[in-house]
1. Would you kindly identify the helices (runs of 4 or more DSSP H) lying entirely within the range A:125-192 that contain at least 1 residues that are within 14 Å of chain B (Cβ to nearest Cβ), open to solvent by 30 Å² or more (accessible area, probe 1.4 Å) and not acidic (Asp, Glu)?
2. Check B:ARG244 against each of (1) surrounded by 14 or more Cβ atoms within 10 Å (Cβ to Cβ); (2) not in a loop (DSSP other than H, G, I, E, B) and name the one condition it does not meet.
3. Can you tell me which of B:ASP191, B:ASP169 is open to solvent by less than 50 Å² (accessible area, probe 1.4 Å), outside any strand (DSSP E or B) and not hydrophobic (A, V, I, L, M, F, W, C)?
4. Could you please find all residues in the range B:40-89 being within 14 Å of chain A (Cβ to nearest Cβ) and among the charged types (D, E, K, R)?
5. Looking at (1) more than 10 Å from chain A (Cβ to nearest Cβ); (2) open to solvent by less than 10 Å² (accessible area, probe 1.4 Å); (3) in a loop (DSSP other than H, G, I, E, B), can you tell me which one B:VAL123 breaks?
6. Would you check if A:TYR142 is modelled with pLDDT of 90 or more, hydroxyl-bearing (Ser, Thr, Tyr) and within 30 Å of B:PHE94 (Cα to Cα)?
7. Output the number of residues of the range A:32-44 satisfying the condition of being open to solvent by 30 Å² or more (accessible area, probe 1.4 Å) and under 23 Å from B:VAL123 (Cβ atoms).
8. Are any residues in the range B:145-166 surrounded by fewer than 19 Cβ atoms within 10 Å (Cβ to Cβ) and either assigned by TED's automatic domain parsing to the domain that holds B:THR198 or among the hydrophobic types (A, V, I, L, M, F, W, C) (or both), and if so, which ones?
Amino acid sequence: MKFSFETLLNAGGSRLTYGLLNLRILGWILYGFTKPGILVPSQILAQIIRIGVQAIPMASLVSLSVGFILAMQSSTELGKMGADSFIPDLVSLSLMRELGPLLVAIIVVGRSGSAVAAELGTMKVNEEIEALRVMAIDPIRYLVVPRFIALMIMLPCMTILGTCIGLVGGWAVCTIELGMPSSFYIIRSMQRPELWDLYSGIIKTAVFAHILITIACYQGLNVEGGAEGVGRATTSAVVYSILWIIIADAILTGLFFFAL
Amino acid sequence: MSPAPKKSQPASDVILEVKDLVQRYNGRAVLNGLNFKVRQGETFVIMGGSGCGKTTLLRILIGAQKPTSGSVHLFGEDITQASPQELDRIRLRFGMNFQFGALFQSMTVGENIALPLLEHSQVDPSLIEMIVKMKLELVGLTGFENFKPSELSGGMRKRVGLARALALDPELLFSDEPTSGLDPVMTAVVDQLTLDSTRKIGVTAVVVSHDMTSCFRIATHMLMLGNGPRQGEIIAEGTPEEIRANPDPFLQQFVRGEADGPIAFRLSQDDYLKHLLQEG
């Protein structure tokens, strides 16, 4: 059978399962690279601001707090063994490999994932999605794809920013509370992690972004019933996103640090 | 891959043709073998009581739902057999005015009307701005382009919905309950807009409504769907004069808006006693 974008873009007809949603997103993105006007930069930029940039203050505050917590918690135990000098190693490794990607993703689920599910759900209830279809505008291209691309760009950026801010939190505890020289903290926290630690965190973030936005959009587009349905979809989007993000994290950690 | 839509050769002035249309939900027929034609330039009003299948019929006519059986020929093409691409091409030839407007809440009134133009035309943005102003003027809402839908009244939202439906200058306009929930003056205003669309712009209109005053004011052709024991059947079809003169008791009860008659929505005293005795 000859491949055509139309087959991919309309996979499943009027049905919309989670798998079909993923196929159609992929189809529209590939189609967008071959035909101008499909992917509209202004729409993607608007979503980058709405679901990414506006979540930065909250993600930054959480990352800073995690940096504080990691440094303080480790100082009590490592201090007993006279291993204070390993605190920067622990803070930077934990943030790059694990806590940076995971916590930023969870914050974005709570703030932006729920907002996307509620917005699309309300649009479905108000017949706005139906109106798009009747105007011959595919809701997945017009509503889902810009959000998908925006989050795939923004979540890794926010994670790198969050990791840096978390490192600042650790630095504050180590220098102010433990009297560690700034230069020592910076050198240790930069020397110990390898490039792969950073890359593994970014790969995880890309997977988390995919899980987060596809679940939020899927739940939003499948809302049935009125306000109650929107509420249910929003809750499901948050619960399932966090659940699958943590499961994916466990699998990826196993792959990156045990299997490979 | 979906089979290509069957090209029929209807009479040249027939824009919409419904043949043997059946829609069943859980074995219950909501629409039962409907046949009718809408001709160019008509204002075709589909009326009927709550639950008679008006909305289901409209959803099938716009291609939002596939019927259980039967066909819907829009501009000579069977939309029940059309692929999504073919359906999208057909959809560019008609506009849909939703019951509650279905306006995009995140956009301004102007952006709502401009959306189909931005998506489907190669018109310059400055010209789009001008078209938006013209469409707003047509529906009597000049100067409202920067308002959000939430800042408008129900009647204004319906008029913006109409302006958006007319944005691409469609040949056919579907309208779902355009006057429901409006006061008599606003009802007359919306009716006048529908008349203007058909008479001045030459759009053919298919209007679903149960507002009798409004139906008789705008219709050139009417169709009444039955409910209860005559669920999903066409009870009567014809010009407004023919509908008024039709002696069918179902139709006359509906047209006159009487509580008692063959359209039973409550049990008569005798039936109620029988019902109680049976239960006992």
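1. Ranges flagged: A:128-134.
2. Among (1) surrounded by 14 or more Cβ atoms within 10 Å (Cβ to Cβ); (2) not in a loop (DSSP other than H, G, I, E, B), the lone unmet condition for B:ARG244 is (1).
3. Numbers: B:ASP169 fails: open to solvent by less than 50 Å² (accessible area, probe 1.4 Å).
Checking each option against the conditions leaves just B:ASP191.
4. Passing the criteria: B:ARG59, B:LYS66, B:GLU86, B:ASP88, B:ARG89.
5. Going through the list (1) more than 10 Å from chain A (Cβ to nearest Cβ); (2) open to solvent by less than 10 Å² (accessible area, probe 1.4 Å); (3) in a loop (DSSP other than H, G, I, E, B), B:VAL123 breaks only (2).
6. Values: modelled with pLDDT of 90 or more: yes; hydroxyl-bearing (Ser, Thr, Tyr): yes; within 30 Å of B:PHE94 (Cα to Cα): yes.
Yes; evaluated as a whole, the condition is true for this residue.
7. The qualifying residues number 8.
8. Once the filter is applied, which keeps residues that are surrounded by fewer than 19 Cβ atoms within 10 Å (Cβ to Cβ) and either assigned by TED's automatic domain parsing to the domain that holds B:THR198 or among the hydrophobic types (A, V, I, L, M, F, W, C) (or both), the range B:145-166 yields B:PHE147, B:LEU152.
The values are calculated or read from the model by the stated rules, or taken from the named source; none is laboratory data. Every value quoted in this text rests on a predicted model; they were computed, and no experiment measured them. Please note: Cβ atoms are built from the backbone with ideal geometry, for glycine as well, and neighbour counts cover all protein chains shown. With ligands, DNA and RNA removed, areas are computed over all heavy atoms of the protein, side chains included. Shrake-Rupley method; radii C 1.70, N 1.55, O 1.52, S 1.80 Å.
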